[in-house]
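Report on the following structure.
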Amino acid sequence: MGFLDSILGRSKPPQADLDILFQVPQAVLSLEAQGFTFTGSGGVCFRDVEGNADNVSVDEAEQLVRLDGAATVERSDDDFGFHWITVTRPGDAPGLCTDLHAVNSGLDQAGFGSSLLCSTVVFTAPDGGPLGLVYLFKRGTFYPFAPRGDQKRDNALELQVRGAVANDVPVESDLSRWLALWGAPHLS
């Protein structure tokens with residue numbers, strides 16, 4: 001941060017630590033002990049970048065994950081125009097986290113790190129509804145997202161999950177940053 005940035009109150013966002021994704025399998029164990037079921041699905045959300053370079057990078061990231069035949073990869077867009085790469089690897093939390101890390105790293109190394117928004121790992125809650133453990137790139141933290149019905153969420157369940165995973169992954173302390181991921185393809 002430069003001198004003018006400090007005078008004007010500007011700061012650089014923290015650099016995303018993609019290796020934190022490797023801590024998620026411990027959070028999976030903690031949530032399973034509380035009655036949650038790991039679905040084997042997760043996703044990477046990113047903004048579109050103009051031109052063909054991002055398409056090539058996304059294709060390369062998908063091909064990397066597909067090298068191991070145990071994972072499936074899908075590309076989709078949500079209702080807000082954000083792009084998702086969804087990876088499914090049933091019963092293999094470490095493998096899924098490795099795949100998500102590979103997609104994120106591939107896009108980051110290709111120069112699209114600023115376009116990465118979040119990554120998710122999906123569970124089924126004890127009540128049968130979906131739960132996403134969401135990693136915010138710009139903050140380097142996780143938060144739970146429990147959508148229920150038409151743009152409603154289960155805040156009590158989200159707070160319960162925060163307590164369950166607080167020793168496993170860095171949890172976002174500012175609740176106003178626990179953003180809703182309405183229309184995320186794997187959390188519907």
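The values are calculated or read from the model by the stated rules, or taken from the named source; none is laboratory data. From a predicted model like this one, the values you see are computed outputs, not experimental measurements. Neighbour counts run over all protein chains shown; Cβ positions are idealised from the backbone, glycine included. Ligands, DNA and RNA are stripped out before the accessible areas are found, and what is left, the full protein with its side chains, is counted by its heavy atoms. Shrake-Rupley method; radii C 1.70, N 1.55, O 1.52, S 1.80 Å.
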Practice problem: Name the residue, out of Pro126, Pro144, that is at pLDDT 95 or above and either in a strand (DSSP E or B) or among the polar types (S, T, N, Q) (or both). | Solution: Pro144
Quiz item: Among the candidates Thr120, Thr86, Thr124, which residue alone is open to solvent by 40 Å² or more (accessible area, probe 1.4 Å), touching a residue at least 60 places away in the same chain (Cβ under 8 Å) and of a type in the set (Ser, Thr, Tyr)?
Solution: Thr124
Quiz item: Has the stretch 167-188 got at least one residue that is open to solvent by 30 Å² or more (accessible area, probe 1.4 Å), in a helix (DSSP H, G or I) and not hydroxyl-bearing (Ser, Thr, Tyr)?
Solution: yes
Exercise. From (1) among the aliphatic types (A, V, I, L, M); (2) under 21 Å from Ser41 (Cβ atoms); (3) more than 12 Å from the chain's Cα centre (by Cα), pick out the condition that doesn't hold for Leu136.
Key: (3)
Quiz item: When you look at Glu50, is it over 16 Å from Thr120 (Cα atoms) and modelled with pLDDT of 80 or more, yes or no?
Solution: no
Quiz item: So is Gly91 closer than 24 Å to Val28 by Cβ, in contact (Cβ under 8 Å) with a residue 12 or more places away in the chain, open to solvent by 20 Å² or more (accessible area, probe 1.4 Å) and not in a helix (DSSP H, G or I) or not?
Solution: yes
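With at pLDDT 95 or above and under 18 Å from the mean Cα position of the chain (by Cα) as the only criterion, which of Leu187, Leu175 stands out? Explain how you work it out, then say what you get.
Values: Leu187 fails: at pLDDT 95 or above.
Just one listed residue meets the conditions, Leu175.
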